[in-house]
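A short write-up of the structure that comes next.
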Amino acid sequence: MVFTATVGGKQVPCHPDQAILDAFLRGGVWMPNSCNQGTCGTCKVRVLRGEVDHRDSPADTLAPDERAAGLALACQARLRSDAVVEPSGPGAGTAGRDTHPLRDLDTTVVDIEDIARDTRRVRLGLTDPLAFHPGQYVELAVPGSGVRRQYSLANTADEDKVLELHVRLVEGGAATERWIFDGLAVGDRVRAAGPLGDFFLAPADEDGGEPMVMIGGGTGLAPLIALARTALTRDPGRQILLYHGVRGAADLYDLDLMARLGETHPGFTFVPVLSHEDPPPGTAHRTGLPTDLFVDDVASARGWSGWLCGPPPMVEAGVKAFKRRRMAPRLIHREKFTPADA
Ligand code: FES
């Protein structure tokens, strides 16, 4: 039996064991989504008609009174009948638009490179190009474990036949210590799915061209590289201030790329920030927390957009810092790297 799910007048087939969000995205119908794990609430919908099974929707994200009021998490809930839903959170107005469809991907490892302390760049080749918005992520299936892990794409949308991931070793991690840092080799096949997530620029014809500030923690730099390069291709003179926060100088990577972007684009500024070390002699690295340095550096971010990617405490501090500098909440974009691998 297959049900029909409807949002914004668009209909997709939805199997009883398929999450509602998965059905829409595979059908090429946009619905706001971020974590796809039931923790962020971005995919919350109001069920206008029909019945759903909430499955493992956490009460922290979907409170009992919200369930009773007809709300559901689209990334967790399954249909028990045909249904009509409407998103209830920020971004609801974009639901029902056409989007790049979510697909299963059969990939092959084409390159593995150690780029910083406990950090690898992994490139996955595709047979068919993947259409995605720069900044989105893919999910990898960890062989033999039933575990899936999410990694942001560092490549731009025109680099659509090789997916670039930046992976940080997590002690004991099923995907990292026991796979990507132990045994994964060039030529291995890797099953994946994507694209996913809402951490991306508006389409070119809706892009306001506003100044951007980006703050990435560790491998949270990956999607920011994709976003910055995309924005600078659209407008080579765009003002972009990118902070990369890490513990020590050994954790920094892609400094050459950042230097090249700065040389080619006078509006682009890259700020490497070390939280646990003084800057090595002869470098312009800074010490502290990137969110604090932003507050010191920028008197007003009114009209700017903000892009935060990294550990949840850094993202939360960034939201506060941006608001303190008068950035409009609707222009604050965030991608939290939650430590599922731990
Ligand atoms: S709770 Fe569904 S996308 Fe985060």
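Here are the numbers:
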{"item": "All positions within the stretch 41-54 that are within 7 Å of the ligand (Cβ to nearest atom) and either of a type in the set (S, T, N, Q) or farther than 27 Å from residue 202 by Cβ (or both)", "result": "42"}
{"item": "Matching option when the condition is modelled with pLDDT of 95 or more, within 15 Å of the ligand (Cβ to nearest atom), polar (S, T, N, Q) and touching a strand residue (DSSP E or B) at 6+ places or on another chain (Cβ under 6 Å), among 88, 57", "result": "57"}
{"item": "Strands (runs of 3 or more DSSP E) fully within the stretch 64-155 counting 2 or more residues that are over 23 Å from residue 37 (Cβ atoms) and touching a Phe, Trp or Tyr at 6+ places or on another chain (Cβ under 6 Å)", "result": "103-116"}
{"item": "Residue list for the stretch 1-40, restricted to those being assigned to a loop (DSSP other than H, G, I, E, B), more than 14 Å from the ligand (Cβ to nearest atom) and of a type in the set (A, V, I, L, M, F, W, C)", "result": "1, 2"}
{"item": "Selection status of residue 154, touching a helix residue (DSSP H, G or I) at 6+ places or on another chain (Cβ under 8 Å) and under 14 Å from residue 196 (Cα atoms)", "result": "yes"}
{"item": "Filter result for residue 103 (more than 13 Å from the ligand (Cβ to nearest atom), within 21 Å of residue 132 (Cβ to Cβ) and either within 25 Å of the chain's Cα centre (by Cα) or not assigned by TED's automatic domain parsing to the domain that holds residue 311 (or both))", "result": "yes"}
{"item": "Exclusive hit being over 20 Å from residue 199 (Cβ atoms), within 16 Å of the ligand (Cβ to nearest atom) and small (Gly, Ala, Ser), set 77, 141, 83", "result": "77"}
{"item": "Candidates 197, 173 - the one that is crowded, with 19+ Cβ neighbours inside 10 Å, small (Gly, Ala, Ser), in contact with a Pro (Cβ under 9 Å, 6 or more places away or on another chain) and at pLDDT 95 or above", "result": "197"}
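Yes or no, residue by residue, for (1) at pLDDT 95 or above; (2) not in a strand (DSSP E or B):
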{"residue": "292", "(1), (2)": "yes, yes"}
{"residue": "296", "(1), (2)": "yes, yes"}
{"residue": "299", "(1), (2)": "yes, yes"}
{"residue": "323", "(1), (2)": "yes, yes"}
{"residue": "326", "(1), (2)": "yes, yes"}
{"residue": "334", "(1), (2)": "yes, no"}
{"residue": "338", "(1), (2)": "no, yes"}
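The values are calculated or read from the model by the stated rules, or taken from the named source; none is laboratory data. Please read these numbers as outputs of a predicted model, since none were measured by experiment. Quick reminder, even Gly has a Cβ in these numbers, built from the backbone with ideal geometry, and neighbours come from all protein chains shown.
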